[in-house]
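The values are calculated or read from the model by the stated rules, or taken from the named source; none is laboratory data. Fair warning: this is a prediction, and the values are worked out from it, not measured in the lab. Backbone-built Cβ (ideal geometry, glycine too); neighbour counts: all protein chains shown.
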Amino acid sequence: MFDSAIQETAMGPWAPRHVSWLEMACYFSGALLVAAFATWWILQRGGRIGLDEPDNRRKLHAKAISRLGGAPIFLAVGLASLVAGYIGGLGWSRWLPVAVCNALIFSVGFVDDLKPLGARVKLVGQIGTALILYALGVSIDILSNPFGEGSVSLGWWSLPLTLLWLVSIPNIVNLIDGMDGLAGGFGLFLSLTLAFLGYYSRQPDVLVVSLAMAGALGGFLIFNLPPARIFLGDGGAYLIGFFIASVSLFTSNKGSIIGALLVVIIALGVPILDTLFAIIRRAIRGVSIFNADAEHIHHRLILLGYSKGGALAAMYSVCLALSLVGLSILMTKGVALPMVGALLFLLALGAARYLGYIRSWSNFRSQISDAMERRRQREFFRAYGRVLDFEVERCTDLQSFSTLFQHGLERMGLSMQSWTRSQPEILNLGGSNHITIHRPEDATDLAEWHIRLDVLLPALERCLEKWKALPSSAEIKSAAVPPHFPLSVTA
């Protein structure tokens, strides 16, 4: 139990009273029960909105699953915060900006779960929410050494650093949300870490809201662990990430805020490492960092033979270990920091090799050369995809476009017709609209072919808009010959 010294912390008129262990348990279990019941209610109601449809490529679940899992988490944390503020007697006034902005960021993701907004629109929403929180006084202004003397006033750097922190963490959490129970479990561990920081820094309000988030995530995970019956969606992932980012700014006084941020950064080691690998991988391949792929850490673990449960347990274990490491740095006044830094560097190198991102250190240069060659091939496909997109506007009827479409496919080594040693790939355009494209059966991996085939989607979507139909081999004026294969570099 906190003693009366808590009320002497530098929290001004909003210094909250102490919180007993029984109250802590009530906030955690209450949020867990609310989230579990609300999630169950969503599953019972079913419905046709916010469903994540399988695509037989990245999304391999057997049936459509709801992406509205963020709603019960938001409800549980909101109710717990209201109880803590009005009934529990904890200070709540200073939390109003954080509560409002967490609601805003959840709304951005939740709307996207109902109807996709696009990456740029979501990014604008994230930056706008972060700017509002900054304008309301929640920012990183002074960085003091929490392990010794000295401090640095950030000045105008306060704005970009605060925005970077508030925008990057939600996206990191969202990026790793590609496996049942993964982002929710990481959020649970990180919320418990924040709760300990609240306890350690004698801020019971931080402790209570963090326990509420941990409890809400625990209730949600009952239905999200493999095989998942409901997904977090962007709303849930953004809420978890923004909650962690914003609450971490409250876990210590402004002067020593770097200590709390350092703990959170280390605890986020796995998602940060996964994000770093994704950025490097996509930069080398010449694709947008917002393009989804199936080469995240959890995908690699499954390829190495782990079951979904085994991969999840392995990543949970690393997250828990890193959370404890981060807390140990804070509690040892930074004595362990150099050793932890070296350990994390070696961990990153070892993970890159073990997970197969680097196949061999001796052939690393050759691997980079192959990757650059694949990037040039992908640019070739992208160029033809844009040409076909323009051709939709130029053609007056579907038949003439079908002929041009088939000729374009041939230049890419593809066809709407099968031939010896070809493989069919189905491109889904929503609803019952789909088209089958045949590709060569070669050594190029399936993920690479999926990236190449995706360049056809904009032209096909325009085709649907203009003619309400898709190209068909039956409409081609002249018979197509088996395609020429100018591109045949292995993955």
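ALA228 passes every criterion in (1) at pLDDT below 90; (2) under 21 Å from ILE140 (Cβ atoms) apart from (2).
Scanning segment 452-491 for residues that are part of a helix (DSSP H, G or I) and modelled with pLDDT under 80 returns SER473, ALA474, GLU475. When segment 295-327 is filtered for residues that are assigned to a loop (DSSP other than H, G, I, E, B) and free of Cβ contacts under 8 Å to residues at least 12 places away in the same chain, the ones remaining, listed by number, are GLY305, TYR306, SER307. Name the residue that is surrounded by the fewest Cβ atoms within 10 Å (Cβ to Cβ), counting only residues in segment 166-213 that are of a type in the set (Ser, Thr, Tyr) and closer than 28 Å to PRO226 by Cα. Per the stated criteria, the residue is SER168.
ILE329 fulfils the conditions (1) within 19 Å of the chain's Cα centre (by Cα); (2) hydrophobic (A, V, I, L, M, F, W, C); (3) under 11 Å from ILE266 (Cβ atoms) except for a single criterion, (1). Per the listing SER107, SER158, SER139, the residue uniquely of a type in the set (S, T, N, Q) and not in a helix (DSSP H, G or I) is SER139. Considering each residue of segment 164-182 in turn, none proves to be part of a loop (DSSP other than H, G, I, E, B), in contact with a Cys (Cβ under 9 Å, 6 or more places away or on another chain) and at pLDDT 85 or above.
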